[in-house]
Every structure is written in C-alpha cells, then in structure tokens.
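J.: One structure is given below, represented as structure tokens, and several questions about it will come after.
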Amino acid sequence: MKIEKLVIYGFGKHDNLIIELDPGINVLYGHNESGKTTIQQFILHVLFGFPSRNSTRLRYEPKSGGRYGGQIHLHDPVYGKCIVERVRGKSAGDVKVYFENGEVGEQEALNKLLRQYDRASFESIFSFSLLQLQGFEKMNEQELSRTLLASGTTGVDHLLQVEASMEKEMDGLFKKSGRNPELNKKLTELRKLEDALQEEVRKSDQYAPAVERLKEVEGQLGTIHLEKEAYEKNLRTLAIERQQLPLQQKRAVLQERLITLADTHFPADGIQRYESIVRQLDEVQATTVRIQEEVKQVEHLLDERADQEKLLTLEQFIERESEWHRSLSALASLKMDREQLIEQENQLRVRLGIQMDEEGTELLTADVSIRKEEELYELLESLKDFHREIDIIERKQAELQEEIARMEERKQYVTKPSEKDMQQAEQWPKIRQQLAEAKAYVMIHDQQENNFKTILFSLLAFMLLIAGYGILSKQYGILFIAVLGAFAAFVWSKRQKTNEQVKKAKQLLTHYEGQESEMEAVFERVRLYDEEKENHEERHGNIEMDSRNLATSAREIEEKIHQTEWSLQSFLAQYGIDGLPSATIIPELFRMIRALQEVMRQLGHTEERYQQLSIDIQQKHEEVEQALQQAVPKEALYEWVRKEYKIMTTKARQQQTAIEKKQQLEKELKEKEALTTLLQEQIERLFKETAVETEEAYYHAHQIEQEKLRIDRQLEELAAQLIGQPAIDLSLTDEQFENMMEEIKESMATLNQQQKVLVEEKAILLNQTNALLSDEASSQLQQQFEMARAQFIALAKKWAAKKALASAIQQMMNDLKEKKFPAVLKEAERLFNRLTNGRYDAMIMTEEGYFEVVSKSGMRFPIIELSQATKEQAYISLRLALAASIVETAPFPIMMDDPFVHFDEQRLSHMSHIIDGFTTHQFIYFTCQESMKNNWHEATTIKVSTIRNNQGANV
Amino acid sequence: MDVRFLHTADLHLDTPFKGVTHFPEEKLAELRESTFQAFSTFIQYALETKPDFIVIVGDIYDGAHRSLRAQLKFQEGMEALAEAEIPVFLSYGNHDHLKGTWTRFDLPENVTVFREEVVRKRITVRGETVNIFGFSYPERHVRESMIDAYPVAETDGIHIGLLHGSVEGDESHAVYAPFTKEALLAKRYHYWALGHIHKRQALHENPPIVYPGNLQGRHRNEQGMKGFYEVTIENGKATRQFVPASSIVFDTLSISCAGVEHAGDWLAICEEALSHYQAKHHVAAIVALEMVDIDEQAAALFRQSNREEWLSVLREVMQKKSPFIWVNELTYAHSLKTNDAIQSMMNPVFDTMEQWTTEQWEDVLQDVYQHTRSIPYLERLTNEDFEAIQTEVKRNLMTELIERG
C-alpha cells in the first residue's frame, strides 16, 4: 500500500494542504514546529480515527475551527486506488472510502483495507519515533513477541486476553492440588459421598448375619418357652396342694372346738331385741336428760324475774319523758335568755364606760331610788336657778354702770366751796362729832366700868376653883393653867382701863364750846354743797353699793353654784362617774345605770333558775343511770330508757312463756320416766330368759352362740372346698412346700433372665434389619452422589471448553513464534549485521526470553547493555525484518519520526542503503536535519515549511 | 382361548438418576422413589387387571447398588401378586446375575425363577398350556450367544421366550447374550420377551420380538414415557398394549427463539412451552430445553448472561408449576456466524483446534480427565464429546471476542 497524496482540509496548524508522496522513500524535512509530526499524526488519524476527546492523544482540531480532517489517496495491491476521507462527525470522525470502481465504503471497508489492523498494532510495527524505539528495551520476549507477532494476526491482544481470561476461569474451576476451585470442591464432595455410600453398603452387609442370628434367637426363645411352661405347671400343682394343707388342718381344729362349746340357750334374735330395747331406753333417757336440761334452762330464765321494780321505774321514767324534754328546752331557753342579758349588760357597760370588776360592785349597789332621782333633779334645778340668777345680776350690773355714767355727767355742773370752808366744814362735823362723842363717851364710860368689874371677878373665882381642883387632885398641869388663866384675866382687865381717852374727850368739849353757830353756818354752806355733793356721791355710792351688792350676790350665787356642782359631783361619784358631765346627759346616765342594775338583777335571776334546772336535769339523769345501771349520754337518755324498757318487757313476756313451757316439760318428764321403767322390765325379762344377770354375760352368751354358728359355716365351706381333692400327706409342712416351690421359681427366674436377654437381642436385631430394609438414606445418598457426579461432569466439560480454547490460543501463538519468529529474527540479524558493519553477527533469544546480540568475537550482550544507537539499530532491524515478513498481509508504509539521530555517518549510510533496498514498502521519514535528505539517493524530499509556497492548496 | 400376560424388564429398582444437576433438595425424594413408584404402578395394574401371569426379563436391580429396600419392595410386590394368585416368571440379567454375593430375599411360591440353564416352565391357562423358556445370568457377563439353548417350539401350546440380551452387532449397548432376529424367529415362538435394552422397541412384529424398555427413565438418554406391555395371545397371534408407568419423564423440548428480543419474551416462550408440555402429559418431567432459531437479537440477549443464570431464572419461573417440571439443561443451537473482524481473529484458533487428534485432545484435557482422583467419576471422552467441546469453545471464544470487540 502506498500513499500517493495527502489532502489536508484542516488539521492542526495545516489547512488546505496537499502533499504528494512518492511510492518509494519520502523525506519530510522541516525545522522544529514546522508541522512534521502533525503530518504523521494526520495519516494515523485519518486511517484509524480521530482520538476521542478525553483521550490523551491530541485531536489536532484546527484552532480556527474550520474544516477538520482530510483525504489520503493511496494505492493498494489488492484494492487498487482508494481515497480514505475522514471529516468531522462522530467522535472518531466520519470516514468514507472511495474505491477505484466507484464503490464507496465506510468503516467496514476501511477495516478491510487496513487488514483489520488497529492503530496500536499499526504503530507497533509501521510507525515509530525515537521514543517508541527506546521503549523496546524494557520488553521481554513474550511482550516483544506479542508486539512483533501482532502483525501476523490482528487482534492477537484480544486473543491473548481471552486466553488469560480462560486461564483465570480455569483456575476457578480446577487446580491440580487445589481445594477451593469448583471441580476440586466437587471432587471432595464426591469422595465424601462415596465414603458415605461405602458405609451404607457396609451397613447393609450386616443384614444377612443379622437375619441369621435372628433365627437362632427365635429358636432359643422357643425352647425357653417350653421349659417355662413345664415349670409353671409343676408350680401350680404344688401351689394347690399347699393351699389345701391349711384347710384340712383347719377343719380338724374347728371340729374340736365345736365340741368344747357348751350347749347354751340364747333367745332368738336376742341381741337385736335387747339392743332395740337398750336403744329405746337410751333414747328415752336421752330425751329425759334433754327435758331436764330444758327445765333447767327455763328455770334459769325464771330466775331472772326480780326486775319488776326496775320495769316500774322505767315505766315511770317513760311517763315523765315529756317533762324531761320540757326541762331540756327550758334549760335551752334560759341559756339563751342569759346570753341575751349578758349581751345587754355588756352593751350598757360599754356605754357607761365602766369595767366589770372595779366599778361594777359600786355601781350595782348604788342607790337609784326615785328619791335619789328626786335629789338629783333638785340639785340640777337649783343649779339651773343659780345660773338664771347670775344672769339677772349681770344684767343689773350693766344697768348700774349706765347709771354711773349718767351721774358723772351731771356732777360737772355743781360749784365747789372754798378750801377753808371746806376744811372747816370738813373738820366741823368731826369736831362736833368728837364733841358729841366725847359727851357720849364720858357718859358711857361710867356704865362700862361696872360691867367689867363683875366679869373679872367671876373669871378669877373660876380660876381659883380650877386651881383648887388641881391642887386637890395633885394635877399640877391644871393648876398651872388656872394660874395662867388668872394672870391673863388680870392683865386683860388692866388694859380696859382707858382713863386718858376720857380726859381727852373732856378737853375737847371745852375747846369747842361757843364756836358752834358760826361754824354751823359755814358748815351749812359747805354742808349744802356737800349735801349736793354728798347727795351726788351718795347716789353714786348707792349705785356703787348696789353694784358691790350685786357683785357680792353674784359671788354668793357662784359660791352656791360651786357648792351645788360639788354636791352634784359627789352625787355622781356615788355612781362611779368621775367629773361632771353635761347636765343634759346626767339623767340619761342615771337611767342607764338603773337599767344596768335591772339587767344585772335579771341576769342573777336567770342564772339562778338555770342552775336549778340544770341540777334538776342532772338529778333526773343520774336517777335514770342508776336505774339503768350504766352510763348513758344525756342526749340519748330516753332512747336508752325505751330500749331497756323494751328489753325488759320482752324478757317479761319470755318469762311468761317459760313458765308455761316448764309445766309442759314436767308433764313430759313424767311420761318418759314411766316408759323407762317399762323398758327396764323388758330387759329383765330377756336376762331371765338367757339365765344371766348382767349385760356382759348376756353378750358373752351371744358370742358363744355366734361362734358355734360360724364354726358350722366354716366347716360347711371347708367341706365344699375339699370336695374332690385328693387327700394329701398332712405330714408335709408348709415350709417344705415353700422350699419346693422356691426351687422351681429360681429355675424359672434363670430362664426369664435368658429370655429377657434374648428378647432384647431380638428386638435390636429386628430393629436393625427393619432399619436396613426401610433405609432410604442409602438411596438418597446414591442420588446425591449421582447428582454431584453429574455436576462434576458438567463442570469438567465447562473446564474442558476453556482449557481447549486456551490451549488452542497458546498453540497458535507458539506456532507463530516457532515458525515466524525465527525467520524474522534471521532477517533482523542480517540487517543488524549490515547496520553494524559486521560488528555483531547474531541476534538470539535467551532462555529467559530476552534478546541478546552476539558480537563478531562471540561475546553475548543483552540489548540493555548496548550503546544507545546500537540498541536502536537492533530494534529497527527487528521492525524492518518484521515488516518485511508480513508484507503480504500488511503492505503498509513505514513512517519514521527521526529515529536515526543517534547514528553515526557510517551507520546512517548503512541504514539508508538498507532502506533504499527496501522497495516493498513505502517510507515516510520525518526529520529536522536537512542533511538527512542527502543520505538517500532516490528519496523525494519535501520541505514541510515550504509546502504551501511550492505547491499551494487546491482541493 | 386367549392368554394375557404382562411383560416388563429392566426395573433397575432404587437406582439413582444420572446427569441431573442442581435438582432441588426437596424434590430429590420424589426422584429417588420414582423407580419404586413405577414398579408400584406396574404391580397395581397387575392386581387390577389380573393377568394370567407376568414375565420379568432381568435387571430387576442395579447390581452394583442393590439396596435391601429395593429387594424388600420387590418382595412385597411379589407377595401382593401371590396373594392375587398371579404367577410370575422371572429371569435375572447382567445386573442381578446369580453369582452376586448379595443377600437374597425369599420370593413367594408364585414366582418361578429361571436358573442359569435355559429351561422350560409350564403353566396351564384355562386349559391352554403355556411354555415359557428362559435363563438367568450366572454371572455379570454373558458374552456368548445363548440362543442355541432355546428349543424350537413344539406344535402344541403357546411358547414364550424370555431373553435378556442384545442384538448381535449393536454396539450402542454393552453386548450381552447376543442374538439375531432370524435366530429368534427360527424358534417359532409366539412371543419373544426381551430385556436389557432400555428403549422400548419391537425388533419384529408377528411374532413380536419386543423390548418393553424400562419402567422409569433414569437419565436424559432415557427419554419419554416408559412402561410395560400387556400382551394377549389369541389363536396363536400375539397383540400388545403399552401401559405407561413412569412417575417422572425425561424429555427434550426445542424452543424457537425467532424474534425474541427481551428476557421477558424468552421467559414467556419457555414458560408457555413447558406449561403446554405439562398440560399435555400430566406427569412430572425433567426436560432439556434446546434453543433453536437464534437470530442476532436472541444471540445478543443470551450473551447478556451465562447459561447457568438463564437456567436459574427459568427454574425459578417454573418452580411453582404442577406437575413438577424441572429444566435440567439449556442448550443453544447457535449459528456461529459473526463479523469479519471477529471471524478473522477466530479462524486461526479454530484451524489449530480442528487439527487436533484424539491424543492431542486427551493431552489438552488431561489435567482433569486424567487426574487420578477424577477418573472414577468421569467417562472417557469420545469424539462426539470433543466435537461438543469444540462447539462450546467456539461459542465461548465468540462471546469473549464480541465482548471485547
């Protein structure tokens, strides 16, 4: 296949580019970044599809976003001229293949054209760069083979994967010495089942011997059975005989006994009759006792009769019940009254403001009689009068004051006499008076002296008397007083003797004798004036007098008021009232005090009655309690009385009944006593008949009678039992019999033991054989075994298919390796030899599967030890050899991306010679070294950077 | 006067079913009991129809495994026939030959057992003398022909030959007491009651030379309803009537998968086919399903899961159905065509494999098939097996490659 032309629509940096290629060697030369690799990638992309977007490979989509893809025009030895066109479409691009004959194909056609090669397979042989070459050194034979041989069979990788997968699955199915793979597991299961089956077979082999033994056991059991029967018969006979032995012995004894029993008489049915009588007697006696008991009870009841008095008392109480209730209610009302009174009292006390304790007594005893009230009223009235009088006086005072004022006014109009006149006039009366007085005095004085002398003497006499008394009675005090008194009377008498005053009076009289008339005139004038004045003054004085009198009267009245008030105060004090309250309320107070006293009195009275009544009730209560002889609550007093009364009356009635009953019982008692006598007589008769005295004897006689009858009966029975029985040797003892029987029993026990053992064995054997006969386990196992085996076979087949597939693939690969690989290796060797100018002349594969080269001197080098360039040359040799070997099936162009850079000139020259000679393949060589193009003589050189300039784009 | 008798052979009582995998545990008992069940059906039929006698032509037991229970059941069956006064003529075959060391159960008086020599037994049925000839295998293998030991029929009476063996030259079964049809016909018997071959067949009509087949199929190669013959000989002419006896039947059903696209479609088709089968046969069945007409869609569908999974899905669907039907196998009649790419990958592999010789095949498979431990459980592979494996290989590879494609 030769590429003739590349038409790039748009790819990487290239667009609208046409590159014509030579069917031989093409050297595409260009500087770095000129787009060489892009062209190489274009070819690969168009042939094998654009890489998917998430692939590591570049897609080379034009950055400008224009057309993407292009055409490859090629000439194929089989399909002729074709155009492969790939443009943007699905991820890998839309591909079309245009054939020479006008057919247009798609991917399928392209695959054919590419001989089913995929990109990886293609690249592994036909397209390589320096880098890819270097990757070779890490490969071992298998990988290398795989890579190299991939050329021959497309999809070898897939086949190898399938093989690996088969191997893996086989591992899961079977391992030679494995445990867990399915077939191994199945094998184990089969072995186990087989063992179990063997066990089952072994078990069923026991069947025949078991059946044999069963027969034996049954025979033995039969024999034992017969023996046992014989023993049993013997034992039965012995038992019968042994049973008879005591019977016969007993008969003899009984017969003897019968003889010894005397011939006694006992009345027919004697015991029944006797016992019947005794029973009756017992009954009668029992009845008698019961009646007596009842009589006692009744009497006991009657003993309790004494309480008739109490009953009467209770009756009386009941009669007085209403009275009792009245008392109670009266008590209650009294209590209420008392409370009311106390309430009143309290009210009054509060109003009066007196305390209960202190003033109470005083107040309560205070006299509040009408007379006292009268007295109070009088006091109050006089007080009122006094106040009225004072009012009048005050009014008069006021009038007097007015009078005075008027008089003062008049006085101003009267002329006053001269001073001298006045003096004279003034003195005059005085003198005149003194004269008169002196005249009078002198006259009076004579009379007075006589009177006085008598008094003095009587006084002295009296004093002497007293002194005498004092001396006589030797009371010197009295004597002293008398002396003192006498002295005093004497002194006093001396003073009375005023003789000078009398003298004076007589002088005066003498002086003023003769002047009297003149004096009388002046005096008259003055006296007129004075009279006038005096008149005035007199009136003034009168008024003042009046005024003073009034004032005195007022004082007196006030004194009286005061006195009256004091009287009132002391009057009120009697009632515990301090101070003087207003006159108006005093009567009210008085009344209240009186009311209080009244209340108190009533209260006292009520209290008294209450106490009396309480005592009365208490007495009655006590009476009742006494009567009832128990404490009774006051409230329920009469309930209790009534209850007790009811009990008492009931009791009384019962007693009445009891009396009647007692009479009845006594009558019955008499009857029973008669019956008792009768029955006792009957007993006597029976005893007489039997000729006995006592009951004991009577019974004894009966027992003898009974024994006789019993012996008769036993003898009859024995006779019946012994009918037909052979007579036996009565000399044999029971013990001997027992011994004989014991022996037989022992033998039988032994037999029984044997039988038991055999029966058990038989049961086991039967069980065993039955189990074996009905054993389904065996067939179940068999079926399980067959099923497991079937599964095993199926698994084996499954394994076989996988194994065959894996083997076929391996064999195919081996064939490839063995047949194809040596040829390739030989060709590679040749090329390598040429490349290295004969330095190495062989390439071999080691046992371990690694390549080694052999130098001319015979030294072997692993590839990894070769120089970089030599190594690359080795690989290139291998690739070229391979490409040559498969040219028939894969005639693809070889594309190289500058892989010769490490080559020296000589080797490069050899290389170019080799390539020149490689005419079967088209070479497309990309290089950045211009000189490289010179290495090929027949190469077409295309300078990538100038493609556009030279050729232009024309699609 | 006519003579009526029952002809059965190859009871193989209490033998396990073979080649059944993953059978549900709870149904195993049913499987196990099926030979007894079939035998019981046979006895019951005899008791109800009261034939003049019965012939049993060998292989009552399986020899290698003869359970006491099997013998007990057989004994009970014979005793039931004795009670009904039905005579039984019995010859033992290769599986229950006379040399066996197993415990022998006593059979009742009505059972006449042939010994190793061919002898004549006589029975008179309503005045007609019936001569019955036969022999029992003295040991496991009777390779030589026994036919010469049978006398030629006399003119009077009815003659019936009991022979447990196979036709000369028939290699499909182990060869025992080989005979030729002509040799049998030459004896001029009225009826040849054969045994040994489990497939019901008549080698000749008039006189009939008949294998009644076994009473109960025990593996997939013994397909269909099995039973025994009720034979009537009237005026020297024998006619026979097949009486079915199997309690479980092996069968193969082909199911066309044309147009099947989804698993649901496929299940519905299978279910319908199986239900139809149940409705038709009214018997418990173990069936192999063969998928035919597999087109691209169906093939794609089947590739979605492996065969075991499809099978288990199907079993689940059929689990509750009655009578019990068990899908034992699922096979695909595949077209192995695929696209070029895959074909081109597969061809070299197949080419390689097709060149294998038997020895090569055996070499390849020796790990398992020649393994000392597995040898006792595996049968030697035949060319057919290799072909089957090859087919399977192709299917596997194609599936694998398509998956990787």
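The values are calculated or read from the model by the stated rules, or taken from the named source; none is laboratory data. Owing to the predicted nature of the structure, the values given are computational and were not obtained by experimental measurement. Cβ placement follows ideal geometry from the backbone for every residue including glycine, while neighbour counts extend to all protein chains displayed.
Every residue, every condition in (1) closer than 18 Å to B:Ala193 by Cβ; (2) among the hydrophobic types (A, V, I, L, M, F, W, C), yes or no:
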site: B:Arg32; (1), (2): no, no
site: B:Gly58; (1), (2): yes, no
site: B:Leu72; (1), (2): no, yes
site: B:Ile86; (1), (2): yes, yes
site: B:Gly100; (1), (2): no, no
site: B:Pro108; (1), (2): no, no
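J.: Between a first residue in the range B:391-404 that is within 7 Å of another protein chain (Cβ to nearest Cβ) and a second residue that is of a type in the set (Lys, Arg) and buried (at least 18 other Cβ atoms within 10 Å of the Cβ), which pairs have beta carbons less than 7 Å apart while being 6 or more apart in sequence or on different chains?
T.: Listed pairs, sorted by first residue: B:Asn396/A:Lys802.
Each row is one residue, and each column tells you yes or no for (1) assigned to a helix (DSSP H, G or I); (2) outside the structural domain of A:Pro246 (by TED's automatic domain parsing); (3) modelled with pLDDT of 85 or more.
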| site | (1), (2), (3) |
| --- | --- |
| A:Ala701 | yes, yes, no |
| A:Ala719 | yes, yes, no |
| A:Ser731 | no, no, no |
| A:Glu735 | yes, no, no |
| A:Asn739 | yes, no, yes |
| A:Ser747 | yes, no, yes |
| A:Asn752 | yes, no, yes |
| A:Leu766 | yes, no, yes |
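J.: Considering (1) within 30 Å of A:Glu419 (Cα to Cα); (2) at pLDDT 75 or above, say which one A:Gly514 fails and leave the rest.
T.: (2)
J.: Could you please find all residues in the range B:91-132 being surrounded by 14 or more Cβ atoms within 10 Å (Cβ to Cβ), at pLDDT 85 or above and acidic (Asp, Glu)?
T.: Residues satisfying the conditions are B:Glu116, B:Glu128.
J.: How about the range A:800-877: which strands (runs of 3 or more DSSP E) wholly inside it have at least 1 residues that are surrounded by 22 or more Cβ atoms within 10 Å (Cβ to Cβ) and over 60 Å from the mean Cα position of the chain (by Cα)?
T.: A:840-845, A:851-855
J.: Filter the range B:1-35 for residues that are under 30 Å from B:Leu330 (Cβ atoms) and not in a loop (DSSP other than H, G, I, E, B) and give the result.
T.: Selection gives B:Glu25, B:Glu26, B:Lys27, B:Leu28, B:Ala29, B:Glu30, B:Leu31, B:Arg32, B:Glu33, B:Ser34, B:Thr35.
J.: Identify, from the list A:Arg642, A:Arg609, the residue that is touching a helix residue (DSSP H, G or I) at 6+ places or on another chain (Cβ under 8 Å), within 30 Å of A:Arg338 (Cα to Cα), assigned to a helix (DSSP H, G or I) and basic (Lys, Arg). Before you say what the answer is, go through the steps one by one.
T.: Numbers: A:Arg642 fails: within 30 Å of A:Arg338 (Cα to Cα).
Exactly one residue qualifies, and that residue is A:Arg609.
J.: Kindly list, by first and then second residue, each pair from a residue in the range A:173-202 that is within 10 Å of chain B (Cβ to nearest Cβ) and among the polar types (S, T, N, Q) to a residue that is buried (at least 16 other Cβ atoms within 10 Å of the Cβ) and outside any helix (DSSP H, G or I), limited to pairs with Cβ atoms under 7 Å and residues at least 6 apart or on different chains.
T.: A:Asn184/A:Phe174
Table: residues versus (1) in contact with a strand residue (DSSP E or B) (Cβ under 7 Å, 6 or more places away or on another chain); (2) closer than 15 Å to A:Glu4 by Cβ; (3) of a type in the set (Lys, Arg).
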| site | (1), (2), (3) |
| --- | --- |
| A:Ile43 | yes, yes, no |
| A:Ser52 | no, no, no |
| A:Pro77 | no, yes, no |
| A:Ser91 | no, no, no |
| A:Ala109 | yes, no, no |
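J.: Select from the range B:214-260 the residues that are in contact with a strand residue (DSSP E or B) (Cβ under 8 Å, 6 or more places away or on another chain), assigned to a loop (DSSP other than H, G, I, E, B) and closer than 30 Å to B:Asp156 by Cα and list them in ascending order.
T.: The one that is in contact with a strand residue (DSSP E or B) (Cβ under 8 Å, 6 or more places away or on another chain), assigned to a loop (DSSP other than H, G, I, E, B) and closer than 30 Å to B:Asp156 by Cα: B:Gly236.
J.: Does the range B:39-61 include one or more residues that are part of a helix (DSSP H, G or I), within 14 Å of another protein chain (Cβ to nearest Cβ) and at pLDDT 90 or above?
T.: yes
J.: Test each condition in (1) within 8 Å of chain B (Cβ to nearest Cβ); (2) under 30 Å from B:Leu68 (Cα atoms); (3) in contact (Cβ under 8 Å) with a residue 40 or more places away in the chain for A:Trp799 and report the one that comes out false.
T.: In the conditions (1) within 8 Å of chain B (Cβ to nearest Cβ); (2) under 30 Å from B:Leu68 (Cα atoms); (3) in contact (Cβ under 8 Å) with a residue 40 or more places away in the chain, A:Trp799 misses (2) alone.
J.: Here's something else I'd like to know. Could you tell me whether A:Glu938 is touching a residue at least 12 places away in the same chain (Cβ under 8 Å), touching a helix residue (DSSP H, G or I) at 6+ places or on another chain (Cβ under 8 Å), among the charged types (D, E, K, R) and in a helix (DSSP H, G or I)?
T.: Criteria not met by A:Glu938.
J.: Could you tell me whether the range B:316-336 includes any residue that is within 26 Å of B:His219 (Cβ to Cβ) and acidic (Asp, Glu)?
T.: Yes.
J.: Something else now. Which residue, of A:Thr870, A:Thr836, A:Thr769, A:Thr846, is within 14 Å of chain B (Cβ to nearest Cβ) and β-branched (Val, Ile, Thr)? Working first, answer last.
T.: Values: A:Thr870 fails: within 14 Å of chain B (Cβ to nearest Cβ); A:Thr836 fails: within 14 Å of chain B (Cβ to nearest Cβ); A:Thr846 fails: within 14 Å of chain B (Cβ to nearest Cβ).
It is A:Thr769.
J.: For the range A:576-585, check the following and say yes or no: at least one residue is farther than 30 Å from A:Lys335 by Cα and either under 60 Å from the mean Cα position of the chain (by Cα) or in a helix (DSSP H, G or I) (or both).
T.: Checked the range A:576-585: at least one residue is farther than 30 Å from A:Lys335 by Cα and either under 60 Å from the mean Cα position of the chain (by Cα) or in a helix (DSSP H, G or I) (or both).
J.: Any residue in the range A:424-441 that's farther than 17 Å from A:Glu524 by Cβ and assigned to a helix (DSSP H, G or I): show its pairings with residues that are modelled with pLDDT under 75 and among the small types (Gly, Ala, Ser) at Cβ separation under 9 Å, as long as the two are six or more apart or on different chains.
T.: Close Cβ pairs satisfying both conditions: A:Gln434/A:Ala505; A:Leu435/A:Ala505; A:Glu437/A:Ala505; A:Ala438/A:Ala505; A:Lys439/A:Ala505; A:Ala440/A:Ala505; A:Tyr441/A:Ala505.
J.: Please determine whether any residue of the range B:66-88 is in the same structural domain as B:His190 (by TED's automatic domain parsing) and at positive phi. So that I can check it myself, show each step before the final result.
T.: Filtering the range B:66-88 for residues in the same structural domain as B:His190 (by TED's automatic domain parsing) gives B:66-88.
The next check asks that each one be at positive phi; those that pass are B:85.
Yes.
J.: So, one more: Do you know which residues across the range B:28-38 are more than 27 Å from B:Glu83 (Cα to Cα) and either at the interface with another protein chain (Cβ under 9 Å from one of its Cβ atoms) or modelled with pLDDT under 80 (or both)?
T.: B:Leu28, B:Ala29, B:Leu31, B:Arg32
J.: Can you go through B:Thr124, B:Thr49, B:Thr35 and tell me which one is under 27 Å from the mean Cα position of the chain (by Cα), among the polar types (S, T, N, Q) and over 30 Å from A:Pro209 (Cα atoms)?
T.: On the way: B:Thr124 fails: under 27 Å from the mean Cα position of the chain (by Cα); B:Thr35 fails: over 30 Å from A:Pro209 (Cα atoms).
That would be B:Thr49, the only listed residue that is under 27 Å from the mean Cα position of the chain (by Cα), among the polar types (S, T, N, Q) and over 30 Å from A:Pro209 (Cα atoms).
J.: Restricting to the range A:772-783, name every residue that is within 7 Å of chain B (Cβ to nearest Cβ) and either within 30 Å of B:Thr357 (Cα to Cα) or in a helix (DSSP H, G or I) (or both).
T.: Result: A:Leu772, A:Leu773, A:Ser778, A:Ser779, A:Gln780, A:Gln782, A:Gln783.
J.: Filter the range B:370-405 down to the residues that are surrounded by fewer than 16 Cβ atoms within 10 Å (Cβ to Cβ) and acidic (Asp, Glu), then identify the one that is farthest from A:Lys186 (Cα to Cα).
T.: Applying the filter and picking the extreme gives B:Glu403.
J.: Name the residues in the range B:261-294 that are surrounded by fewer than 14 Cβ atoms within 10 Å (Cβ to Cβ) and assigned to a helix (DSSP H, G or I), would you?
T.: If the condition is that a residue be surrounded by fewer than 14 Cβ atoms within 10 Å (Cβ to Cβ) and assigned to a helix (DSSP H, G or I), then B:Gly264, B:Ala268, B:Glu272, B:Ser275, B:His276, B:Ala279, B:Lys280 are the ones that fit.
J.: Just for the range B:218-237: of the residues that are of a type in the set (Gly, Ala, Ser) and at pLDDT below 90, which one is nearest to B:Ala183 (Cα to Cα)? Please lay out each step first, then the result.
T.: Of all residues in the range B:218-237, those of a type in the set (Gly, Ala, Ser) come to B:224, B:227, B:236.
Now narrow it down to the ones that are at pLDDT below 90: B:224, B:236.
On the way: B:Gly224: 31, B:Gly236: 19 Å.
Going through the qualifying residues, I end up with B:Gly236.
J.: Run down A:Ala794, A:Ala804, A:Ala790 and say which single residue is farther than 30 Å from A:Ile914 by Cβ, within 14 Å of another protein chain (Cβ to nearest Cβ) and in contact with a Phe, Trp or Tyr (Cβ under 8 Å, 6 or more places away or on another chain).
T.: After ruling out the rest, the residue left standing is A:Ala804.
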